[in-house]
Amino acid sequence: MRYLSVNEIAKKWNISERSVRNYCAHGRVQGAFLTGKTWNIPENTEKPERSNKKKEHPITLLDILQEQKASKYSGGIYHKTQIDLTYNSNHIEGNRLTIMVS
């Protein structure tokens, strides 16, 4: 089996050498190993998928609301909706509840 250097793999995959080293260091490149300070990467190894790759399916409003609720994100659409619903449900004559505009 033939092994390539980080520089050769970076050119082959069209990414930076640093990215190749990070993939190897995190164990995302099958068969890669260190010899001293040099990574040896099998030539037939495929480029790993990016971990921050965007989702394939379209994001719906429900997905956004559920994500913001789970992460307790303040200032998002879920937070705004909760404030509006709370204000409107408690809005009766004589009530001093007001909407805080931030």
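With respect to A10, determine if the residue is loosely packed, with under 10 Cβ neighbours inside 10 Å and modelled with pLDDT of 85 or more.
Criteria not met by A10.
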**Report entry** Contacts under 6 angstrom Cβ, first residue in segment 77-89 being assigned to a helix (DSSP H, G or I), partner modelled with pLDDT of 85 or more, 6 or more apart
**Finding:** Y78/L65; Y78/Q68; Y78/K69
Query - Considering residues of segment 38-50 that are of a type in the set (V, I, T) and either touching a strand residue (DSSP E or B) at 6+ places or on another chain (Cβ under 9 Å) or part of a loop (DSSP other than H, G, I, E, B) (or both) only, the residue farthest from N7 (Cα to Cα) - result: T45
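Let's see how each residue does on (1) among the aromatic types (F, W, Y); (2) at pLDDT 90 or above; (3) touching a strand residue (DSSP E or B) at 6+ places or on another chain (Cβ under 7 Å); (4) not assigned by TED's automatic domain parsing to the domain that holds K80:
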residue: A32; (1), (2), (3), (4): no, yes, yes, yes
residue: T35; (1), (2), (3), (4): no, yes, no, yes
residue: N52; (1), (2), (3), (4): no, no, no, yes
residue: D63; (1), (2), (3), (4): no, no, no, no
Report task. Report, ordered by the first and then the second residue, all pairs with beta carbons closer than 8 Å, sequence separation of six or more or different chains, a first member in segment 1-28 that is in a helix (DSSP H, G or I), and a second member that is among the aromatic types (F, W, Y). Result -> V6/W39; V20/W13; V20/W39; R21/W39; C24/W39
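The values are calculated or read from the model by the stated rules, or taken from the named source; none is laboratory data. It should be emphasised that the depicted structure is a prediction, and the values quoted were computed from it without experimental measurement. Virtual Cβ from ideal backbone geometry, glycine too; neighbours counted across all protein chains shown.
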